[in-house]
Amino acid sequence: MALRRARTPRPLGILPLGDCAAYVEFSETLDLQVNAVVQRLAAAVRARGVPWLRDIVPALGGLALHFDPGHSELPAAALEASAALVDECLRKGLPELEAVGREIELPVCYEREFALDLEDVAARAGLMPDEVVRRHAAREYHVLMMGFAPGLPYLGGLDPKLAVPRRATPRAEVPAGSIAIANEQSVAYPYAIPGGWSVIGRTPLVLFDARRDPPSLLAPGDRVRIVPIARAEFERRRTL
Amino acid sequence: MSVRVLKPGLLTTVQDRGRHGLQHLGIVPCGAMDPVAHALANALVGNGGEEATLELTLIGPELLFEQQALVALCGAELAASADGEPLPHDRPVWLRAGTRLRTGRAARGSRAYLAIAGGIAVEPVLGSRSTYAPARFGGLHGRALRSGDELPLDPLAAELAAERYPRLAEHAARRGALRSVRWSAPSMTLPEREPIVVHAMEGRHFGLFDPAAQRAFFEATWRVTPESNRMGFRLSGPTLAAAGAGEILSGPTCLGTVQVPANGLPIALMADHQTTGGYPKIAEIAAAEVARVAQLAPGGTLRFARCTLEEALALRRAARARLEAALRALAWEYGR
């Protein structure tokens, strides 16, 4: 038990995020191990059911705790109370990562028609396009954070050979379901929005539907396994 | 029971107190840009506070009330009339069936709230009636009002008007065809003399900006640009140079976060802001001040006054006490 406790990193700090939130910072750089701790801490804090915490938001390098400023039980020193809460969760031990997220299969079609930037990524990575696809589909990804748009997952675990920067000029509209890469991560666009990441495929699944419960296909902490599909299968899955 | 939209206005959306608890899925809280004016408008028609109102932006709509209704208009001062009679602001007004409510251009402030007794009865989506136009959900069909829209009201809206208004009767005054009262609610968020002074704390990345930029942020007068919207207010002023610290890891943001993209011009995040962002955060606007910022129109000016977390908390407590006192007084008028 003592050993496990020693292995759980301590936050670098618990900082105010405005006067209505606290940011529990663990790392200023992308680190998948650190993010796993953030996900586990988020689950532990959520399980406490603190009434004055309105949003518990795991991000790449830390956890944001948003207060409900109108709640009658909000402590006067909510930042300090948040720090004590985090401390207690870390002391009592965090749930295992496997218990935090789900395992989800994401079908992706890498046909050229959907893979708008595949040639460009291949050229930058010094790989053949098929090799880019093989490497992208081979990895297991973790949802590190949701953000930028409702239902948009930041997926960690990208093959380092595919770590290309953002496109110099963002697209005015990236088609819904597009799978894209940049910054050592992969993302999936829940609906048509502007975006600067390199698009290499498309999923037929609906990533976000406000009238569905839950509205988002993916949630922080989920493990995502990609299943490459052909064009015909894409069409079939899309009409399901 | 519904209200017919004859003219939509510039940007008229259904908003309530927001969609909370889902930011971990990237779902933005939304809600009224000026929650103070929204709350006062609701209280003025005897609503509890959960009800949705219409948020009018700069130029208001023209609406036809098919049945009697009790309404209140708060926030930005814009010319408003009901069947040609001037509509008084910040007070409950009873409208007879068939009233045509015209609203014009905002003379002071930028966002007005029209509350109707019983509230606007669009279906809640993910726990809120607020419109989130970027993802096209919430409010009326996930978008701003258009001409010809039928805005659904609470089925009891006419009964509520008939029942609530007489409770105010001892204070009531007739003004032509309109019925209203002699008192009004205070306006709490309209810009006084510009530039308005907005308290803000140093943000997470304040230290990444060079000393000249740090000084300029708190000394300059900033102007709200026309590219501003419900997601963020883009400010023009001196260019703020960040010491080349490379890319910032994308992290959580909140209402009032001031971030600075590569062009050096700050963006203050407003009600429809994204839940995470990758630009350096130079400051965080005190939560109590965000509603006043939201009332600035394009071209409006502000200055940031540095404050500590303790000062921001004190401002928040004071603003809350002031609003709650006003809301209690209005509830008392309705015998609550």
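Values in this text are rule-based calculations from the coordinates and carry no lab data. Quick caveat, the model's predicted, so the values are computed rather than measured. Note: ideal-geometry Cβ built from the backbone for every residue, glycine included; neighbour counts use all protein chains shown.
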Between segment B:185-255 and segment B:278-316, how many Å separate their Cα centres? 8
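Need one number: % antiparallel among DSSP beta bridges in chain B, to the nearest 5.
Taking every DSSP beta bridge within chain B, about 90 percent pair in antiparallel fashion.
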Once you have a ≥ b ≥ c as the square roots of the Cα gyration tensor eigenvalues for the protein assembly as shown, tell me rounded if a/c is under 1.5, and otherwise prolate or oblate according to whether a/b is larger than b/c. prolate
With just the Cα atoms defining each centre, how far is segment A:16-54 from segment B:1-73? Give it in Å. 33
Using every alpha carbon pair in segment B:196-321, what percent of pairs falls into each 10 Å bin from 0 up to the bin containing the largest distance? 14, 49, 33, 4, 0
Reduced to Cα centres, the span from segment B:80-150 to segment A:86-161 in Å works out to 43
For a footprinting-style exposure proxy, rank B:E85, B:E310 by other Cβ within 10 Å, fewest first. B:E310, B:E85
Is there a quick way to get the dipole size of the protein assembly as shown? I mean about its Cα centre, with the Cβ of Lys and Arg at +1 and of Asp and Glu at -1; what is the value in debye to the nearest 20? 500
Over all pairs of distinct alpha carbons, what does the Kirkwood formula give as the hydrodynamic radius of chain A, in Å? 19.1
Give me the inter-chain shielding for A:148-155: mean count of other chain Cβ atoms within 10 Å, whole number please. 5
Pop a pseudo-label 7 angstrom from the Cα along the beta-carbon direction at both B:R328 and A:R212 and give the gap in nm to one decimal. 4.7
So what is the relative contact order for segment B:134-277, in percent, with contacts set as C-alpha pairs under 8 Å and at least six apart? 15
If r is the Cβ-Cβ distance from A:A176 to B:K7 and R0 is 30 Å, what FRET efficiency results, to the nearest 0.05? 0.40
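Fewest first, what order do B:E55, B:E192 take by the number of other Cβ atoms within 10 Å?
B:E192, B:E55
Are there GluC sites (Glu not before Pro) in segment A:117-184 that DSSP marks as loop and that have at most 12 other Cβ atoms within 10 Å, and which are they?
none
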Multiplying the sequence separation of B:E159 and B:R105 by 0.36 nm and subtracting their Cα-Cα distance, what value in nm do you get? 16.3 nm
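List A:I229, B:I116, A:I193 from most exposed to least, where exposure is judged by having the fewest other Cβ atoms within 10 Å.
Exposure proxy ranking, most exposed first: A:I193, A:I229, B:I116.
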I'd like the FRET efficiency for A:A47 and B:D83, computed as 1/(1 + (r/R0)^6) with the beta carbon distance as r and R0 of 41 Å, rounded to 0.05. 0.10
